[in-house]
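Please read the structure below before turning to the comments.
Bear in mind that the values in this text are calculations on the coordinates, not laboratory data. Everything numeric here is computed off the predicted structure, so don't read it as measured data. Virtual Cβ from ideal backbone geometry, glycine too; neighbours counted across all protein chains shown.
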């Protein structure tokens, strides 16, 4: 399949974009269109506006320095595979094989596959699943869903390896699976650049490869299951515009720039707020998904700046670290005018939802790790297609549905009807005492 | 110089029978290979042997440099940071040179598109320069090796982020493809590079008077000083060799990944130390040899490869590596008084 640009994919949402761009839409009730399409239309609206101009010099400088345009322009936004429409409540509940936590996975009906033996029932299919971080709540949930899906099919044998955030080790694991002639590989790459060559080698050896969540630099990868990063950053920006009315000094706790999560989330957030001239970026930290680093960075910033009104966090771990630092400093209500500091988060961990409920965090854009099952189904379908057992291979780009943001109270922001924590059964990670 | 040192020095190119008698690691390597061959149909395939040899090359180079430093009774914690730093500096300097010449050598997507050979030369020089700074700090300014190289490690990791702004650089020229992927007569090119450095180091360390100074300094620095050896110069030289090996390892490593990224290779300095120790290099100095570091590399890589072929998770792999390392250190401690007597 040829490379598809974001612009081409956006055409399918163009009609909705026109509706969303109409003045006054923010005050209308939630759109009847699926939230996925509505968010895609808003992505186009703000992306086009940011391309035309960025009035805030501070935001513009950061946007250009970190080269966000290069990343955003190639990140796919578009329709779901097979015309799938996701609705709240869909999915399956089970106990995570690794975390032992109760899970409700939202997308088990996406590219569906019946329980039982797959493809040639007489053959055992060996699939490798390599990722980083059995010690990370988001990532263990990802592995949970992959293992759950594999266990539904008795002739699928899954080997799960944690590469411990070592890209070279992940490459070596893939090379070992090539030597062992595995039938398929599913991976969660931490960074794009170094994982392209190992994926290319697996594809050259005739092994289908599917990446989850983040991308690799491979252009020949079989499928990429991509999350809704663009919708995450967009909704953080939309919420901020709604809550801060276009003004305030902020600090940013971000992931590594080379990661898809940071490039797209932070980039789309800046696209939304870039035309409001009264935002100011006080400090910008790369805390690399580590709560302790986010805590330290935020604690330092709280010492250095007295007028922090907004804390933008690329991920949930960063948001929790930032909140801990704010609490420790007793600064939750230290924004100018005695207002609460607005804390924006991604990743719908149960502990983040608890803080939303308590009013300590203001919003979270859900980014579910419960997508490992899609990767397993996709790679099985690729194996089947390669063996001539299935007429069609899954699409190269398997976009997961855009999910609406979660706020303490239900509200409608630019046509997006937010959900409350109690309306969100898909949260991941351990339960936390209230 | 101790007897043990003399034994090490005379172990340049021993015969096969002598080797099998003298080197228990060879039996261990043989045992791993036989176990692999018996338990997995994939262990002795060409593809897996290539994987194993590539792993030996990068970690082996780091460990060779570490061995030379450890022979002097010191340590170099900066090797992994140096291997990435030297490549990053190579890209940055070449891009600046290109700008000066009016040429654009960093194209869209952060892909380095300049000439490869000058880039590789800059990377090597950078590695040696980092080693020289470490060595001068330790030898002439009397900074403790642990502190000096720990500071270098931290500073270079920071520099890597500063110089790259957190972006990866893609290295996609045919030269990098050759270095990273080419197989010559069934042996990966990277392994040939490693073997060339190994032979050169064996000849230098075990076959020259200058090389024997490393053992003398590690055995007793005071005695070496009294014997008229300018120990500072040899300490600087040892760190420069370590920096050279690290830069070369960085080239092989990034050529395989076709990119360089600031966070890569975190913690590899500990692997290099582990390999050197498994190979019998004493942390206290004076004992060890590049040849035995090769054996240590083979034990390490073939063992990990076997565990990977068996599908053993990395947690257990780490546990087993740790256990082997403790055993290796304990055995070397038990063996030392006997050797000295």
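Some notes on this structure:
- When the P(r) of chain A is calculated, the portion above 42 Å amounts to 11% of the C-alpha pairs.
- Estimated D of the stretch A:305-434 in µm² per second, where Rh is the Kirkwood radius over Cα pairs and Stokes-Einstein applies at 37 °C, 0.692 mPa s: 194
- Net length available on complete extension from residue A:57 to residue A:100 is 10.6 nm, with 0.36 nm assigned per residue and the Cα-Cα distance removed.
- For the protein assembly as shown, adding -39500 (n - 2.57) for each run of n ≥ 4 DSSP H residues and dividing by the number of residues yields -17500 deg cm²/dmol at 222 nm.
- Here, the stretch B:268-326 is characterised by an Rg to Rh ratio of 1.01, where Rg is the alpha-carbon radius of gyration and Rh the Kirkwood radius.
- Axis of helix A:372-386 versus longest Cα principal axis of chain A: the two differ by about 40°, to the nearest ten degrees.
- All alpha carbon pair distances within the stretch A:137-216 were sorted into 5 Å bins beginning at 0; the resulting P(r) in whole percents reads 3, 14, 26, 26, 20, 8, 1, 0.
- Counting Cβ atoms of other protein chains within 10 Å of each Cβ in B:311-319 and taking the mean gives 4.
- Pairwise centroid distance, computed over Cα atoms, of the stretch A:55-120 with the stretch B:150-224, Å: 42
- If you model the protein assembly as shown as an ellipsoid using its alpha carbon gyration tensor, with each semi-axis the square root of five times an eigenvalue, the axes come out at 49, 31, 23 Å, biggest first.
- Between the stretch B:264-326 and the stretch A:206-223, the alpha-carbon center distance in angstrom: 31
- Relative contact order (percent, whole number), the stretch B:3-340, Cα cutoff 8 Å, 6+ residue spacing: 34
- Normalised contact order of chain A, rounded percent, pairs of Cα under 8 Å and 6 or more residues apart: 20
- Working ranking of peptides B:23-30, A:353-360 by packing, defined as the average number of other Cβ atoms within 10 Å per residue, highest first, is A:353-360, B:23-30.
- Kirkwood-Stokes translational diffusion coefficient of the stretch B:38-81, alpha-carbon pairs, 37 °C, 0.692 mPa s, µm²/s: 265
- For the stretch B:3-340, share of DSSP beta bridges that run antiparallel, in % to the nearest 5: 75
- Cα centroid separation - the stretch B:44-100 against the stretch A:309-353, whole Å: 41
- Inter-chain shielding of A:189-197 (mean C-beta neighbours from other protein chains, 10 Å cut-off): 6
- Between 0 and 90°, nearest 10: helix A:35-52 axis offset from chain A longest Cα axis: 60
- Debye-sum result for the stretch A:320-397 in log10 I(q)/I(0), which assumes one identical scatterer on each alpha carbon, at q = 0.16 Å⁻¹: -0.67
- GNM top mover of A:263, A:99, A:211 - chain A, alpha-carbon springs below 10 Å: A:99
- Tensor-based shape of the stretch B:117-161 (alpha-carbon gyration tensor, a/c under 1.5 rounded, otherwise prolate or oblate): oblate
- In the elastic network of chain A, a GNM with C-alpha springs shorter than 10 Å, the most mobile of A:304, A:345, A:146 is A:304.
- Along each principal axis, Cα extent of the stretch B:238-341, largest first, Å: 51, 38, 20
- Angle between chain A longest axis and helix A:192-204 axis [Cα atoms, degrees, rounded to 10]: 20
- Residue with peak Gaussian network fluctuation, chain B [Cα springs, cutoff 10 Å], from B:39, B:191, B:82: B:39
- For the peptides B:47-57, A:56-66, A:320-330, B:268-278, the ranking by mean Cβ contacts within 10 Å, running from highest to lowest, is B:268-278, B:47-57, A:320-330, A:56-66.
- Other protein chain Cβ atoms within 10 Å, averaged over every residue that makes up A:283-290: 1
- Distribution of pairwise C-alpha distances over the stretch A:81-149, 10 Å bins, in %: 17, 40, 37, 6
- Prolate/oblate/rounded label for the stretch B:172-285 (Cα gyration tensor, a/c 1.5): prolate
- Counted over the stretch B:3-340 with a bin width of 20 Å, the fraction of Cα pairs per bin, in whole percents, is 31, 57, 12, 0.
- Legend: translational diffusion of the stretch A:311-351 by Stokes-Einstein, Rh = Kirkwood radius over C-alpha pairs, 10 °C, 1.306 mPa s; D = 150 µm²/s.
- Residue order, fewest to most surrounding Cβ atoms within 10 angstrom, among A:347, B:181: B:181, A:347
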